[in-house]
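Heads up, the thing below is written out as structure tokens.
The values are calculated or read from the model by the stated rules, or taken from the named source; none is laboratory data. This one's a predicted model, so the numbers in the text were calculated from it and none came from an experiment. Because the Cβ atoms are built from the backbone with ideal geometry, glycine has one as well, and the counts that use them run over all protein chains shown. Protein only, heavy atoms only, side chains kept; ligands, DNA and RNA dropped before computing areas. Shrake-Rupley method; radii C 1.70, N 1.55, O 1.52, S 1.80 Å.
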Amino acid sequence: MTVPLEFPPTVLREYAVLADGERGAVIGPHGDVVWLCVPRWDSDAVFSTLIGGAGVYAVSPVGRYVWGGHYEDGSLIWRSRWVTTDATTECREAMAFPGAPGTAVLLRRVIATDGPARVRVVLDLRAGFGKQRMRELHRDDEGVWSARAGSVRLRWSGGERAEPSGDAGLSLDLHLAPGTHHDLVLELSEEPLGDRVQPEIAWQATEQAWSDAVPGLGEVIGRRDARHAYAVLRGLTSSGGGMVAAATTSLPERAEAGRNYDYRYVWIRDQCYAGQAVAADGAHPLLDDAVRFVAQRLLADGPRLAPAYRVDGARVPDERRLTHLSGYPGGADRVGNWVNEQFQLDSFGEALLLFAAAASRDRLESEHWKAVETAVAAVEQRWREPDAGLWEIDNRRWAHSRLTCAAGLRAVARWGATTTQAAAWSSLADAIVADTAADCLHPSGRWQRSPEDDKVDAALLLPAIRGAVPTDDPRSVATLAAVLADLVRDDYVYRFRQDPRPLSEAEGAFLLCGYLAALAAKQQGRDVQARGWYERGRAACGPSGLYAEEYDVVQRQLRGNLPQAFVHALLLECSVRLATHP
């Protein structure tokens with residue numbers, strides 16, 4: 001299966017993402033929607049040129065142009081902007097927000113900003129990751145198109161003058177006078193579509209909903225970026241409270257390295273990071289969403305809590321290859337995730353930290369306290385077991401996992417526990433820290449990764465930040481010093497050393513770790529250094545202000561799936577915590 005040559009893949013920093021909570025669309029610099037799954041985040045894609053499939057929805061200027069764009073403040077409403085030799089054209093685009101669970105509505109408004117606009121529109125829906133073409137194509141008396149592709153129903157308004165274009169779906173040439181605009185509305189669902197969406201009403205509702213959803217935030221640095229991070233997290237969060245780790249699958253972390261994963265699921269750990277970041281500023285709705293989803297999963301699965309779930313709480317499907325697609329250059333396509341077979345101990349500790357953060361904002365209800373007790377019981381039962389750890393590799397007794405549980409126990413002991421519970425949970429935390437110190441304390445005085453692995457790991461900054469040990473604990477001070485001495489290139493922080501090669505040859509810098517360095521430096525009173533790590537991390541994005549998991553320091557490119565939720569979460573938390581005095 002071939003991708004149209006006029007819409008080749010581009011580097012990740014040039015993509016924007018629209019999201020409505022239930023699904024996300026990826027838009028390239030040519031106005032090409034290259035990725036969208038319907039009806040749910042982890043459904044099959046109907047536009048998949050991003051990963052080598054077919055199916056695209058493009059609004060592109062005619063002739064030579066240069067591209068730019070930006071998000072409207074505090075929203076995921078994107079404005080593509082093209083400057084041609086004689087005009088400037090914009091396309092305002094959004095998923096109608098908040099999204100209905102079963103129906104996707106993509107709003108696109110072409111605007112002749114300066115001079116006349118000439119654009120070409122192509123709509124080629126291909127369900128099943130490009131396998132199923134449009135059929136039953138019909139234009140009614142009002143010029144509204146309808147069709148089906150696989151199980152997906154389509155309705156498209158605004159393209160009344162479009163014509164079938166061979167195997168490439170529908171094609172339309174638009175000519176707009178200066179100062180005018182033209183609306184295109186695409187509705188997609190597996191169920192019969194209701195009343196046709198009216199663009200003016202949908203735009204007004206979407207603008208208002210984003211205004212209501214994204215708070216102004218209190219005392220923060222980088223306010224625009226902090227609010228954008230909140231908007232990204234909201235866009236990735238479904239009506240059931242679950243926040244997917246990213247909108248995409250299979251975007252490679254390293255070309256031809258085999259590290260291509262499906263992140264269209266809810267990782268418990270990532271959701272807890274987001275909830276804690278939000279709680280740092282206030283009792284915002286995303287905190288309640290995180291608490292609700294994590295509590296439900298704990299109450300349902302107890303000590304068998306999975307690391308990740310679908311947004312509806314169901315099991316993540318087994319990983320499989322999509323062999324009919326060529327993949328994003330350097331990658332191979334996969335859906336599902338093998339994380340469904342893992343045990344990750346630190347998820348329980350992160351859940352307890354989330355609940356404690358909610359309690360500190362008076363957002364922990366009585367039914368949530370049952371989830372607290374369930375998580376504590378799971379830690380009591382399983383803390384000695386090897387687990388896959390934060391980086392989801394081989395099972396070991398990872399120091400980070402155990403120390404994170406200790407941090408969670410201490411946090412909930414301070415917030416809402418009875419005197420008896422507080423004493424018992426603090427005692428258990430002490431025992432876990434002592435056990436970890438017995439087999440994971442490096443001779444230099446810092447924490448090491450596991451009893452079998454004496455390397456330093458940036459993940460070991462997090463338990464100290466969260467209170468597993470006192471702020472001035474010499475082991476924490478030594479760990480931060482070792483991370484900055486051994487895991488930094490060009491002021492970007494890596495997870496750990498994969499092998500003897502230079503850091504940048506093994507993988508990209510891990511943006512999460514840079515923000516952990518900022519928080520750790522802030523905790524130790526090194527405010528200027530903390531601000532430096534924060535600003536370095538903020539720089540690792542493209543025009544859209546979106547962050548992937550990794551950053552290729554040498555080529556200055558994003559690597560991995562987009563947008564990576566936990567990176568935006570830690571950016572938000574740093575924006576809040578670095579703005580305040582200790």
Could you check how many residues of the range 326-373 are touching a Pro at 6+ places or on another chain (Cβ under 8 Å), surrounded by fewer than 24 Cβ atoms within 10 Å (Cβ to Cβ) and assigned to a helix (DSSP H, G or I)? 2
With surrounded by fewer than 23 Cβ atoms within 10 Å (Cβ to Cβ), more than 14 Å from Ala569 (Cα to Cα) and modelled with pLDDT of 95 or more as the only criterion, which of Arg259, Arg292, Arg254 stands out? Arg292
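Considering only residues that are small (Gly, Ala, Ser) and buried (at least 21 other Cβ atoms within 10 Å of the Cβ), look in the range 105-127 and name the one that is nearest to the chain's Cα centre (by Cα). Spell out how you get there, then give the answer.
Our first condition is that a residue be small (Gly, Ala, Ser); within the range 105-127, this holds for 112, 115, 117, 127.
Now restrict to residues that are buried (at least 21 other Cβ atoms within 10 Å of the Cβ): 112, 117, 127.
Details: Ala112: 33, Ala117: 34, Ala127: 24 Å.
Restricting to residues being small (Gly, Ala, Ser) and buried (at least 21 other Cβ atoms within 10 Å of the Cβ), the top hit is Ala127.
Being more than 26 Å from Ile51 (Cβ to Cβ) and open to solvent by 10 Å² or more (accessible area, probe 1.4 Å) narrows it down to one residue among Arg304, Arg315; which is it?
Values: Arg315 fails: more than 26 Å from Ile51 (Cβ to Cβ).
From the options Arg304, Arg315, the qualifying one is Arg304.
Okay, residues lined up against (1) farther than 24 Å from Asp73 by Cα; (2) in contact with a helix residue (DSSP H, G or I) (Cβ under 6 Å, 6 or more places away or on another chain); (3) of a type in the set (Lys, Arg); (4) surrounded by fewer than 17 Cβ atoms within 10 Å (Cβ to Cβ):
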| position | (1), (2), (3), (4) |
| --- | --- |
| Leu511 | no, yes, no, no |
| Tyr515 | no, yes, no, no |
| Lys522 | yes, yes, yes, no |
| Arg559 | yes, no, yes, no |
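Are there helices (runs of 4 or more DSSP H) fully within the range 433-524 with at least 1 residues that are within 28 Å of the chain's Cα centre (by Cα) and over 19 Å from Glu350 (Cβ atoms)? List them. If you could, list the steps in order and put the result at the bottom.
Values: elements: 461-465, 474-486, 503-506, 511-523.
Passing ranges, in order: 474-486, 503-506, 511-523.
Please go through the range 152-198 and pick out each residue that is among the hydroxyl-bearing types (Ser, Thr, Tyr), in contact with a Lys or Arg (Cβ under 8 Å, 6 or more places away or on another chain) and under 15 Å from Ala58 (Cβ atoms).
First, the residues of the range 152-198 that are among the hydroxyl-bearing types (Ser, Thr, Tyr): 157, 165, 171, 180, 189.
If we keep only those that are in contact with a Lys or Arg (Cβ under 8 Å, 6 or more places away or on another chain) as well, we get 157, 171, 189.
Residue satisfying the conditions is Ser171 alone.
For the range 398-442, how many residues are open to solvent by 20 Å² or more (accessible area, probe 1.4 Å), among the hydrophobic types (A, V, I, L, M, F, W, C) and at pLDDT 95 or above? Show your work before the answer.
Quick first cut of the range 398-442, residues open to solvent by 20 Å² or more (accessible area, probe 1.4 Å) only: 410, 414-424, 426-428, 430-431, 434-435, 437-439, 441-442.
After this cut, where a residue has to be among the hydrophobic types (A, V, I, L, M, F, W, C) as well, the list is 415, 417, 422-424, 428, 431, 434, 437-438, 441.
Next cut, at pLDDT 95 or above only: 422-424, 428, 431, 434, 437-438, 441.
Residues meeting the conditions: 9.
Would you point out which residue out of Val483, Val469 is more than 23 Å from Gly560 (Cβ to Cβ), out of contact with any Gly (no Cβ under 6 Å at 6 or more places or on another chain) and not charged (D, E, K, R)?
Result of the check over Val483, Val469: Val469.
Of these, Tyr65, Tyr57, which one is aromatic (Phe, Trp, Tyr) and either under 20 Å from the mean Cα position of the chain (by Cα) or closer than 28 Å to Ser239 by Cα (or both)?
Going through Tyr65, Tyr57 in turn, just one is aromatic (Phe, Trp, Tyr) and either under 20 Å from the mean Cα position of the chain (by Cα) or closer than 28 Å to Ser239 by Cα (or both): Tyr57.
Quick one: count up the residues across the range 106-117 that are within 12 Å of Asp86 (Cβ to Cβ) and touching a Leu at 6+ places or on another chain (Cβ under 7 Å). Working first, answer last.
Of the residues in the range 106-117, the ones within 12 Å of Asp86 (Cβ to Cβ) are 112, 114-117.
Checking the rest, the ones that are also touching a Leu at 6+ places or on another chain (Cβ under 7 Å) come to 112, 116-117.
Total satisfying the criteria: 3.
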Hey, can you tell me all the residues within the range 306-325 that are assigned to a loop (DSSP other than H, G, I, E, B), aliphatic (A, V, I, L, M), farther than 19 Å from Pro101 by Cβ and under 21 Å from the mean Cα position of the chain (by Cα)? Ala306
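Kindly provide the set of residues from the range 325-338 that are touching a residue at least 40 places away in the same chain (Cβ under 8 Å) and farther than 17 Å from Pro9 by Cα, ordered by number. Full working, then the answer.
Filtering the range 325-338 down to residues touching a residue at least 40 places away in the same chain (Cβ under 8 Å) leaves 325-337.
Selection gives Arg334, Val335, Gly336, Asn337.
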